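Computed from the coordinates by the stated procedures, all read-outs in this text should not be read as laboratory data. Computed from a predicted structure; not experimentally measured. Every residue, glycine among them, receives a Cβ derived from its backbone with ideal geometry; neighbour counts consider all protein chains shown.
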Amino acid sequence: MAGLRAGGVILALARTLFAHAHSVGLRFTIAIVFAAPAFVAGYSATLGLSQFLIVSSGWQTTIAVTGAIMVGGAAWGRIVATPPSGTGQSSATGH
């Protein structure tokens, strides 16, 4: 329960920072810092699951990289969907 709460706080913080950052470089840096752990987690989780089902280490790695791209891409998309503050736009989720 505490991990879920901490994740929500971090997401809110990242989206707030991202919304108030008007520099493209700063927005990119915030997005990378937010999405990088998701890429690593996606790789690790998918590799762990693929080791139960797939014998070939080459295919395990291929599946793990695909999982990393999917999970990390979802995190990246979630953070970059936040428009800069003062643009009059709302995010994709309507918040």
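A simple rule links phi to the HN-Hα coupling: the Karplus curve 6.51 cos²θ - 1.76 cosθ + 1.60 with θ = phi - 60°, which for segment 53-64 gives 10, 10, 7, 6, 5, x, 6, 4, 5, 4, 5, 5 Hz, with x for Gly and Pro. If R0 is taken as 25 Å, the Cβ-Cβ distance between ALA74 and LEU26 corresponds to a FRET efficiency of 0.70. Gain on full extension, evaluated as 0.36 nm per residue between TRP59 and SER44 minus their Cα-Cα distance, stands at 4.0 nm. As a proxy for reagent exposure, VAL24, VAL65, VAL33 were ordered by neighbouring Cβ count within 10 angstrom, fewest first; the result is VAL24, VAL33, VAL65. Scattering from the chain was approximated by placing one identical point on each alpha carbon and applying the Debye formula without solvent; log10 I(q)/I(0) at 0.15, 0.23, 0.24 1/Å stands at -0.67, -1.09, -1.14.
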